[in-house]
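S.K.: Pasting in a structure now, in structure tokens, and then I'll have a few things to ask.
Please treat every number below as a calculation from the coordinates, not as lab data. None of the values given here were measured: they were computed from a predicted structure. All Cβ positions, even for glycine, are placed from backbone atoms using ideal geometry, and neighbour counts span all protein chains on display.
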Amino acid sequence: MPVLNSSGDAQYEPRISAQPQLMAETAPRRARAFPVCANPRCASGWLQLWRKRGVPVVEGGWLCSPACTRARVEDLLRREQAEARPAPPHRHRVPIGLTLLTQGWITHQDLKDALEAQRKGSRLRLGEWLVAHRGLKEEQLTQALGLQWSCPVFSLEKQAGSLPANIVPRLFSESFGFVPLRLTASGRLYLAFEDRIDHSLALAMERMVGLQVVAGLLGATEFREAQRLFAQGHFARARLIEAGNLELLAEAFSRQIEKEKPAEARLVRVHDLVWLRLWRDMESRDHAQAAVSGIEDVIGSVVRFP
Ligand SMILES: [Zn+2]
């Protein structure tokens, strides 16, 4: 592991970043002010103080060298891999047809006809078929889905201003079928889905942005309008990395971190993708006002070749 910096000069100018992990209280008093490398297997010891770098910082921990960045990123990727368990399928207590019937929005005959159409292989889902063929209102279907999922139903009518496009890569919104609707002053992020709530995505968003996520539904027409509005937003720069295995992905991610030297970076798995977000400065971490120029997204996927 190199002790000198990349230019080969030994420099005794440790720069202390705003969020290094400080030495524990038990550390010698003289050393307490210096940051400690966040890689638990860091081998550079006190020599790290000679390194002239206050960044990068990954998940709040300063990293003293490219080798430590690489090791830390691999640890984080393994953490995400270990946490990836298939979510148990959501069990609705009441089927959608029965919910609609109970609400008095369809008749028994409507339900029978809709089920018959399903049996005959209709490409429309039951609720969609009832909207198309039995005059069920789209709002009623959305209300019924909200009852099924025990989640709020949103409306675009209360939508003021542009959608927070900088909060998530556009690819995620399009791939996973959701739109971030708004951020509140109290630190809540409202995510709108069309007909089902993706709880694992909502949880990943919560971990990444550090805000309370409120997941709800939008009716089909309003959802398409929200997608259109969202697409007009300003997005952070995003790059896609496909790697043959986890080690190669760790290599690519850490190279990007070493290149950009972010003031903070976070990594979460979203289904089969890994999302790495880099913030150039701590002001960019303030989501409500973050300029997209201060944020970079790197989306990784592991491709296993046969
Ligand atoms: Zn280190």
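S.K.: Please give the per residue volume of the convex hull enclosing the alpha carbon atoms of segment 61-188, rounded to a whole number of Å³. If you can, show how the numbers build up before the last one.
M.R.: On the way: hull volume 25.7 nm³, N = 128.
Cα-based convex hull of segment 61-188, divided per residue, equals 201 Å³.
S.K.: Could I ask something else about it? Dimensions of segment 96-149 along principal axes (Cα, Å, largest first)?
M.R.: 27, 20, 18
S.K.: Which of the three applies to segment 116-225, rounded, prolate or oblate, going by the alpha-carbon gyration tensor with a ≥ b ≥ c and a/c under 1.5 meaning rounded? It would help to have the intermediate numbers written out before the result.
M.R.: Details: a/c = 2.27, a/b = 1.91, b/c = 1.19.
Verdict is prolate for segment 116-225.
S.K.: Right, another one. Per residue of segment 98-106, what does 6.51 cos²θ - 1.76 cosθ + 1.60 with θ = phi - 60° give for ³J(HN,Hα)? Whole Hz please, x for Gly and Pro, Karplus curve as stated.
M.R.: Rounded to whole hertz, the list is 5, 4, 5, 5, 4, 6, x, 8, 9.
S.K.: What number comes out for the charge environment of Arg239, summing +1 per Lys or Arg and -1 per Asp or Glu over other residues with Cβ under 10 Å away?
M.R.: Values: positive: Arg237; negative: Glu296, Asp297.
With Lys, Arg at +1 and Asp, Glu at -1, the net is -1.
S.K.: What full-extension length gain, to one decimal in nm, is calculated for Glu242 and Arg228 as 0.36 nm per residue of separation minus the Cα-Cα distance? Don't jump to the answer; show the numbers that get you there.
M.R.: Values: separation 14, 0.36 × 14 = 5.04 nm, distance 2.80 nm.
Full-extension gain reported as 2.2 nm.
S.K.: Less than 12 Å from a label point 7 Å out along the Cα-to-Cβ axis of Ala220: which backbone N atoms in segment 168-200 qualify, by residue?
M.R.: Counting only backbone N, you get 195.
S.K.: Right, another one. Suppose R0 equals 41 Å. What FRET efficiency, 1/(1 + (r/R0)^6) with r the Cβ-Cβ distance, do Ser175 and Lys112 give to the nearest 0.05?
M.R.: On the way: r = 36 Å, r/R0 = 0.89.
Computed FRET efficiency for Ser175 and Lys112: 0.65.
S.K.: Please list the non-local residues whose amide H lies under 5 Å from the amide H of Leu136, H modeled 1.01 Å from N, same-chain partners needing a gap of 5 or more.
M.R.: Counting only residues 5 or more places away or on other chains, the set is Val131.
S.K.: Please give the contour-minus-distance gain from Arg41 to Ser301: 0.36 nm per residue of separation, less the Cα-Cα distance, rounded to one decimal in nm. Display every interim value, and only then the final one.
M.R.: Values: separation 260, 0.36 × 260 = 93.60 nm, distance 2.61 nm.
Value of the extension gain: 91.0 nm.
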